[in-house]
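The values are calculated or read from the model by the stated rules, or taken from the named source; none is laboratory data. The structure displayed is predicted, hence computed values, not measured ones. Note that we place each Cβ from the backbone using ideal geometry, even for glycine, and neighbour counts take in every protein chain shown.
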Amino acid sequence: MEDDVANPFFPFPHLVGGVRHDGYLRSWPARCGSCDRQCEKSGSKGLSLCSYGVNFYRFSDDFLVAGIVVKDYPSTTPARNKMLRKATGVAPVTEADLERAHSHYLATVSQFMANLQTQKDEAIREYRRSDRFAMDWLANLRPEIRQSLGQVHDYKQFVAQIIQNLNVILQTKFPGSTTEELLEKASHEETAIYWAARLMEEKLVAALFLIDPDRILDDPKHTQLHRMVTKYHKIYTRAFQAKRVRLKSVGSSFGYIYGNPTALGVIPHTFIDNALKYAPSESEVTIEFDEEEHSITLRVCSYGPQILPAERQRIFDPFYRGEAARRASSEGTGFGLALAKVIAQRTGVRLSFEQSPSETSNVGYATTFVAQFPRQYPPWAEASEETT
């Protein structure tokens, strides 16, 4: 309520929510400090008089003006006459003065509350954009994450064992072949098992960064982004085929990025996984590369449900999904894009999101997730440039 806010510029003594405040023109009279607070106990609205001859005016349940002598009060008592004599030489107070002061008070408080809400909203937006938000989120959820993902290491070993055993089977059938050759010679069922296991392995690796986000900065290396993304392209190809969605790459990049390649890989992995989750059948998902002098930009373009403008600023928030996205798919843990944001903030990658209506109504909205990686030149690349 507006009347719950004390106004330091109100001219007369007043109470807000039962708390006394001096006015800037009048302070509480000494007599009011030792009284039995008749004004506070009175429930009558409007202008009244206490037994000590002092006026008070209750504007609402939470706002009371008291400790004043109103010149045009209609009745009088010996106590009031005494108070009038004491008030000689003091600027008179009329009932109209009280009304004007209260109207100004309400307008000021209303503006104050509006400004306060604006500042609060901006502080929330700034907090969400900050590194601290993501790290606070992980810190608060870490006990629950540890409990729910406590078996991740065991699952990861189990998946690795599946891949290893399958490799042994294939090497026995086709000795001396490389992994790519083995997969080309393997049966449909064998390749399906292999890529499903690799997909699960990547998801488990991403989950480990939730448990221990400090690992994001471990073991930095120079890595080619194109090669990293190609790996995820291969891993997800069968999943896209099963959904009858075309997955293709456009452009190439020979530049290097620098950081923990496993952590950085979570970003394209999340974008591709998100596209698979929401892309309708018979649509197309495109992975695009754009290489410049100081950056390499990755775009994953797909079609999916509408994300309203009010929802877009929260698209990278943990466990947040737009209304249309929730209707379109019940799958997902809710931490993929949020984890990608955490990794991006800690590694200098810039993430963004774009969406616009599609010209084809049956495929939804054209949706693009963008990651701009700082380009790094490895020492051997710099030496090569100097030589040439």
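The set of residues in region 340-355 that are crowded, with 20+ Cβ neighbours inside 10 Å and in contact with a Pro (Cβ under 8 Å, 6 or more places away or on another chain) comprises Val342, Val349.
Being among the small types (Gly, Ala, Ser) and either buried (at least 20 other Cβ atoms within 10 Å of the Cβ) or closer than 18 Å to Phe10 by Cβ (or both) is the filter here; which residues of region 54-89 pass it? Talk me through it step by step, then tell me what you get.
Restricting attention to region 54-89, the residues satisfying the condition of being among the small types (Gly, Ala, Ser) are 60, 66-67, 75, 79, 87, 89.
Selection gives Ser60, Ala66, Gly67.
Residues in region 214-245 that are at pLDDT 90 or above, assigned to a helix (DSSP H, G or I) and of a type in the set (D, E, K, R): Arg227 alone.
Among the residues making up region 19-40, a single one is exposed (fewer than 13 other Cβ atoms within 10 Å of the Cβ), more than 17 Å from Asp97 (Cα to Cα) and touching a residue at least 12 places away in the same chain (Cβ under 8 Å): Val19. Of all the criteria given as (1) over 18 Å from Arg80 (Cα atoms); (2) modelled with pLDDT of 90 or more, the one not satisfied by Lys45 is (2).
If a residue counts only when it is at pLDDT 80 or above and more than 26 Å from the chain's Cα centre (by Cα), which helices (runs of 4 or more DSSP H) contained entirely in region 60-158 have at least 2 such residues? Write out each step before concluding.
On the way: elements: 78-86, 95-129, 131-148.
Filter on region 60-158 gives 78-86, 95-129.
Would you say Gly251 is closer than 23 Å to Val285 by Cβ, surrounded by fewer than 18 Cβ atoms within 10 Å (Cβ to Cβ) and touching a residue at least 24 places away in the same chain (Cβ under 8 Å)?
Numbers: closer than 23 Å to Val285 by Cβ: yes; surrounded by fewer than 18 Cβ atoms within 10 Å (Cβ to Cβ): yes; touching a residue at least 24 places away in the same chain (Cβ under 8 Å): yes.
Taking the combined requirement at face value, the residue satisfies it.
Looking only at region 8-57, which residues are of a type in the set (A, V, I, L, M) and either part of a helix (DSSP H, G or I) or not assigned by TED's automatic domain parsing to the domain that holds Leu98 (or both)?
Ala30
Taking the criterion of being surrounded by fewer than 17 Cβ atoms within 10 Å (Cβ to Cβ), farther than 26 Å from Leu337 by Cα and in contact (Cβ under 8 Å) with a residue 40 or more places away in the chain, the only residue of region 155-205 that qualifies is Ala192.
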